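See structure below.
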Amino acid sequence: MKTKDIKMLRKRKQRLQKRLERQQWSKQSEPMFRAQNIHYEMADRVRAIDSGGIGAFHMLAKNSGLVEAINKKVYLLKRHLPYHESDHVLNITYNTLTGGTCLDDIELRRNDETYMDALGADRIPDPTTAGDFTRRFSEEDVGELMEAINTIRPQMWKKQLSRSERACTALMVDSEFSRRTSPAARHRKNDRVACGGWQSSRGGVQPERGSG
C-alpha cells in the first residue's frame, strides 16, 4: 500500500475514533439522524464496486491452479463458445460470494461493468445459461468437480501455511465444523490440538474460552 494511502486511512480512523468517543450529551432537540444536502458527481476515471475483493478471489483461483484443475477434470461442454467449465463454476461461486441468493442475481453482475472488469472478463454467463450448465451435471461429474477442488487444497497448505499451521485447521462442512489433520500430525498421541481460536478433539470442535 502506498504511503499516501496509509496516511489517509490513519487520519480517517482517527476522525472516526474521535466521533465515537464516550461523552456526556446534553438533551437533544432533534434526532441524531439529520438530513443534509448531498452532492453527487460522476467520476471520469475512478469507478466503485461493492465487492472489491472479487478480483483478489479470482487471482487466487487462477494462481492456485484451481481454474486449470476444473477445466481438466470437468468435461460438460463439447465446445467453448465462449465459456469454459471453470467460467461457469466460478460464475455461480462468485455470485454467492457477492451476496447473490439465486441464479437470477447473476443478472445484476452482468450489468455491472466494473465487476466484469475486476474479473478480466468481456462478459459472464446469464442466469439461463448458468441454469443450463448445472443441469448437465451427473453424479459422476459432481465427484470430478469435488476432486478438482480437493487436489488444490494440499498445494495451498504447502504454499501458504507454516509447518505448525498445516497440522490442523477447522473447515465448515454442511454448517458444522470438522477437523482435518495433516499426514505429519496424524501419528501424534495427543488428539487434542488448538487451531485458529478453536479446540478440536474426538468429541467435536468447541470454541476456546475467551475467544471471540
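Quick note: the coordinates plus some simple rules give every number you see, no bench work behind them. What you see is a predicted model; the values in this text were computed from it and never measured. As a convention, Cβ positions derive from the backbone with ideal geometry for all residues, glycine included, and neighbour counts pool all protein chains shown.
See the values below:
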item: Out-of-range pairs (alpha-carbon distance over 26 Å; input K72/K159; K4/K158; K13/K62; K62/K159; K62/K158); result: K4/K158; K13/K62
item: Distance in nm between pseudo-label sites at D117 and Q17 (7 Å out along the Cβ direction from Cα); result: 3.5 nm
item: Packing rank of 5-15, 22-32, 71-81, 121-131, where each peptide gets the mean count of other beta carbons within 10 Å, highest leading; result: 121-131, 71-81, 5-15, 22-32
item: For the range 142-159, Karplus couplings with θ = phi - 60° (6.51, -1.76, 1.60), whole Hz, Gly/Pro x; result: 4, x, 5, 5, 5, 5, 4, 5, 5, 5, 7, 4, x, 5, 5, 4, 5, 7
item: Over the range 54-141, relative contact order from alpha-carbon pairs under 8 Å, at least 6 apart, %; result: 29 percent
item: Net charge, H80 excluded, C-beta distance under 15 Å - Lys, Arg +1, Asp, Glu -1; result: 0
item: Selection from S86, V46, G100, by position along the positive dipole direction of the range 28-124 (Cβ); result: S86
item: Inter-centroid distance (Cα atoms) of the range 2-35 relative to the range 72-97, Å; result: 45 Å
item: Distance in nm between pseudo-label sites at N63 and R79 (7 Å out along the Cβ direction from Cα); result: 3.6 nm
